[in-house]
Amino acid sequence: MSGEALRHFVLYELQLVALSIFVLLYAVKIWQLARLSAPRELPPARGNLTRAVASSYATVLLPWRMESTRKSWGHWLAFMLYHLGIFVAITATFTIPFVPGVMTASVRWISAVSVLCAFLAGLFKLGWRVLRPEMRLISTPDDYFSLIALQIWFVVAIPAILLEAPRWLLAYFIITALLLIYVPLSKISHYVYWFFSRYLFGMRYGRRGVA
């Protein structure tokens, strides 16, 4: 296989296969979650459920709403930078092969800086997990592997996005494909539970008229 053929396979076919597996695994996971029975609230609703659910989801953007983030804005900032960088790195795997015109010099620089910030936030998260005894106690090998794997992904993504050099792009897209298959099977998939938990949280406290 020639270099150009390999590049086309990795950026298109491999990426689409990995994405299809990703979607299939998450469809099964979401179907399993949706089948679980929600806890019943017997008293009649006293609040605005729609507003309560919306408020529950908005809490992630309002650090002063929760005691944990209100007392430690640094953790909230690391959380936001980390997940923003992940979003940018994932988005680039679609824009680079399918809409390359979007990746202007300015967009590439902004994307690379966002991923760099995510990498620095990842170092903070990894250090926090390693140095804090209580965090080491509840950490599993999957926690460490996931953090380190994403750090490696960030390191490769920065020059791939910024320079679009063939070798960096190959490494970037191969790691992305592997992560797409791995993530639904790992603890990184916790964000799916977040959507369900925030909805149930808003419904419960909205029904009681306290949210």
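Data for the structure
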{"quantity": "Proximal lysines to residue 29, defined as alpha-carbon separation beneath 23 angstrom and excluding residues fewer than eight positions away on the same chain", "calculated": "187"}
{"quantity": "Computed helical MRE - 222 nm, the chain, DSSP H runs ≥ 4 contributing -39500 (n - 2.57), nearest 500", "calculated": "-25000 deg cm²/dmol"}
{"quantity": "Rounded to 10°, Cα long-axis angle of helix 141-163 versus longest principal axis of the chain", "calculated": "50"}
{"quantity": "Virtual paramagnetic centre 7 Å along Cα→Cβ of residue 151, amide N under 15 Å, in the range 96-139", "calculated": "116-132, 136"}
{"quantity": "Nitroxide proxy distance, nm - points 7 Å out along Cα→Cβ at residue 167 and residue 99", "calculated": "3.2"}
{"quantity": "In nm, spacing of pseudo-spin labels at residue 61 and residue 208 (7 Å Cα→C-beta vector)", "calculated": "2.6"}
{"quantity": "For the range 167-185 versus the range 139-153, the gap between their alpha-carbon centres in whole angstrom", "calculated": "14"}
{"quantity": "The range 44-148: trypsin sites (Lys or Arg not before Pro) in DSSP coil with no more than 13 other Cβ atoms inside 10 Å", "calculated": "46, 71"}
{"quantity": "Euclidean distance between Cα centres, the range 91-136 to the range 45-64, Å", "calculated": "29"}
{"quantity": "Rel. contact order, % - alpha carbon contacts under 8 angstrom, at least six apart, the chain", "calculated": "39"}
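Quick note: the coordinates plus some simple rules give every number you see, no bench work behind them. These figures come from a predicted structure and were not determined experimentally. Methodologically, a virtual Cβ is constructed for each residue, glycine included, from the backbone with ideal geometry; neighbour enumeration extends over all protein chains shown.
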